[in-house]
1. Residue by residue through region 66-83, what is 3J(HN,Hα) from phi via Karplus (6.51 cos²θ - 1.76 cosθ + 1.60, θ = phi - 60°)? Round to whole Hz and write x for glycine and proline.
2. Rounded, prolate or oblate: pick one for region 51-115, where a ≥ b ≥ c are the square roots of the eigenvalues of its C-alpha gyration tensor, a/c under 1.5 means rounded, and failing that, prolate if a/b is larger than b/c, else oblate.
3. Using the Cα centre as the reference, give the magnitude of the dipole from point charges on the C-beta atoms of region 225-293 (Lys, Arg: +1; Asp, Glu: -1; all else neutral), rounded to the nearest 20 debye.
4. By its C-alpha gyration tensor, with a ≥ b ≥ c as the square roots of the eigenvalues, how is region 204-251 shaped: rounded for a/c under 1.5, else prolate for a/b larger than b/c, else oblate?
5. So for the chain, averaging the separation of alpha carbon pairs under 8 Å that are six or more residues apart and normalising by length, what relative contact order in percent results?
6. Too long at a 26 Å Cα-Cα cut-off: which of Lys180/Lys218; Lys37/Lys290; Lys180/Lys351; Lys218/Lys291?
7. Sorted by packing (mean other beta-carbon atoms within 10 Å per residue), highest first, where do 348-357, 277-286 land?
8. How much length is gained on full extension from Ser28 to Asp328, taking 0.36 nm per residue of separation minus their Cα-Cα distance?
Amino acid sequence: MGAVAIGGHFFSYSNNWKAIMNLDALYSELTLKTGSKLVLVVLDGLGDLATRGQGYLTPLEAAAPPNLDALSKDSAQGRMIPLAPGLTPGSGPGHLGLFGYDPLEFQVGRGVIEALGLGMELKPGDVCARANFATLDPKGIVTDRRAGRIPSETCEKLCAMLTAKVKKIGETQVLIKAGKEHRFVVVFRGKGLEGPLTDADPNREGLPIPAVRPKDLKSAGQKKMAKVISDFYRQALPIIAKEKPANGFLMRGIAHQPHIPLFEERYLLKPTALAVYPMYKGLAQLVGMKKIEGPQTIKDQFERYAAEYDNFDFFFIHFKYTDKFGEDGNFVAKKKAIEEFDAALPILLRKCPTVLAITGDHSTPCALKGHSWHPQPVLLHSSYSGSDKLERFTETGANSGSLGVFEAKYLIRLMQANARMFDKFGA
């Protein structure tokens, strides 16, 4: 092996002279600032499966979205692998890939993302956990991982009960903040704490809450953190034991905040995020996007995009409900969510950006009632995207699109290319 310097960056090459380049460094070297406007619209969990029980249609295929259909005629389509073939991503890795960060390289605990999204100020050494209120039977078996999706007001009441009774575990401070519906965040602040830990979540009903364990058995900080979590459960569970249906809770994504390069420095684009749920705001903040508070519906989000058009170069717009209904296994509701999104789309198109990408962060098939490894469909529209001559934006159509099948981490690079943001490579 040898190495050659290009523009201050070192690229390695093998003995047969085939280049094995550091692509991120090369992209950075070729990036031009053009003043273009790029919009990434994420219909969370958009991808689905055509099964016999669904008439061999996906919700995207069964829906009637005239605006998406019209846009597809002037766009390119394809499918994206969210993580790696056969691997199912969480929302964090799914979105980091869309933002152009290799999710296998940049691993972030879900608790950190959720805490940032809820506006919590994290300090060095804080360990965060993303939590769900859940329903337990008398033997401690999880019978509903989401406690029937309790209202946010109930979640706030339960978090207040826990906060009043559990302020410290030994010398470790405990900070609890309610999120939407059944979700909340716990931040542990003290000396010598480290993550990541395994989840206190069986990830399906019918099993007890598992004890957390260090992911690195040699880490004293992780061992200490595991004991803190165990003690927290011992103190907290009795406080809500008589509540119905939320008489327990699960914890996952237990970790501390890693260092991640900022989006603006990486892509020369000033970014912002229009998201409703805290986790997605947190993901955006993690890479340096400015979160815009206020909009609660996709119509509101698109209107705010139009109002902020001159203030940013890159807009991340997130729509949750395709994923929510996919996890519920509700085919009809997922189809209607796509139609609801489509009805609002003309607001965005009135101020059409230089490049528009519409996709999901992963697939959430109704048949699986959860995230899956199946490639999600993607639509890319610009003056230079060309037309794949597809009448609709669907999984089936995307299979034959000119974008082919590619890793999600390259979507932002294709968007930059369509915005003419790359100089030519080589003579």
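The values are calculated or read from the model by the stated rules, or taken from the named source; none is laboratory data. These numbers come from a predicted model, not from an experiment. Positions of Cβ are backbone-derived with ideal geometry, glycine not excepted, and every protein chain shown enters the neighbour counts. Just so you know, the surface numbers come from the protein's heavy atoms only, side chains and all, with ligands and any DNA or RNA stripped out. Shrake-Rupley method; radii C 1.70, N 1.55, O 1.52, S 1.80 Å.
1. In residue order, the calculated couplings are x, 6, 4, 4, 5, 5, 5, 5, 10, 9, 9, 10, x, 10, 10, 8, x, 9 Hz.
2. Prolate, since a/c reaches 1.5 and a/b exceeds b/c.
3. Roughly 140 debye, rounded to the nearest 20.
4. oblate
5. 31 percent
6. In this structure, Lys180/Lys218; Lys180/Lys351; Lys218/Lys291 exceed 26 Å between Cα atoms.
7. Per-residue mean Cβ counts within 10 Å order the peptides as 277-286, 348-357.
8. 103.9 nm
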